[in-house]
Amino acid sequence: MTMGSDMTETIGAGFLVRWLAAVAEDVDREADRLTELDSAIGDADHGANLRRGFAAVTETLAKEPPASPGAVLTAAGRQLISTVGGASGPLYGTLLRRAGKALGEDGEVTRERLAEALGAGVAAVAQLGGAQVGDKTMLDALVPAVEGLRSSYGAARAAAEEGALATVPLQARKGRASYLGERSIGHQDPGATSSALLFAALADTAVAEGAA
Ligand SMILES: [Mg+2]
């Protein structure tokens, strides 16, 4: 692969399997931090839930590697929904499963097409949670990340990180943190933080694969 040809590099099933393995590693490394954030404004299970969920995803994908990018995301989403309780399993599961469905059965897809598919996944998450940007949820990182991904992997990573940090001064309007009212202000949202990890891992994978 040549460098600097981000416009034309395509993504195969293996790329997405390696992405999700990188997510599992990052989530494992950051699990204590996610749990700490969730203990401030939630029920202190976010790190453990995602660690278990993405470990199961990695195991499933390694055991039976799907043939297409869409099938990878669909299988991963299904695994998260069946493995992770609470809200994060169904929400992340919906994100990936809906994105997988949007990709269909094509063997290779472009970054732009992945952005579009993840955008469909994010819309499904918003619908499931009844939330929008500014409610101090994972959407505060996911929405700008998908927008950034239309330009580059690096832009997606930066936008997700910025979106997660921007949740600190917000008052939660959805999810368990909303029960705290004004006391949710001053804490970074755990879901937005883990969402930023997904896009950091995607950018790392793209660099490792020579796609960015
Ligand atoms: Mg929780």
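The values are calculated or read from the model by the stated rules, or taken from the named source; none is laboratory data. Since we're looking at a predicted model, the values are computed, not measured. Cβ atoms come from the backbone with ideal geometry, glycine included; neighbour counts cover every protein chain shown. To get the accessible areas, we keep the full protein, side chains included, count just its heavy atoms, and leave off ligands, DNA and RNA. Shrake-Rupley method; radii C 1.70, N 1.55, O 1.52, S 1.80 Å.
This table checks each residue for (1) charged (D, E, K, R); (2) within 16 Å of the ligand (Cβ to nearest atom); (3) open to solvent by 50 Å² or more (accessible area, probe 1.4 Å).
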residue: Glu36; (1), (2), (3): yes, yes, yes
residue: Ala67; (1), (2), (3): no, no, yes
residue: Thr94; (1), (2), (3): no, no, no
residue: Arg113; (1), (2), (3): yes, no, yes
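State the number of residues belonging to the range 14-31 that are open to solvent by 30 Å² or more (accessible area, probe 1.4 Å) and within 14 Å of the ligand (Cβ to nearest atom).
Residues in the range 14-31 being open to solvent by 30 Å² or more (accessible area, probe 1.4 Å) and within 14 Å of the ligand (Cβ to nearest atom): 0 in total.
Residue-by-condition table, conditions (1) at pLDDT below 95; (2) of a type in the set (A, V, I, L, M); (3) within 16 Å of the ligand (Cβ to nearest atom); (4) open to solvent by 80 Å² or more (accessible area, probe 1.4 Å):
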{"residue": "Val146", "(1), (2), (3), (4)": "no, yes, no, no"}
{"residue": "Arg157", "(1), (2), (3), (4)": "no, no, no, yes"}
{"residue": "Ala160", "(1), (2), (3), (4)": "no, yes, no, no"}
{"residue": "Gly175", "(1), (2), (3), (4)": "yes, no, yes, no"}
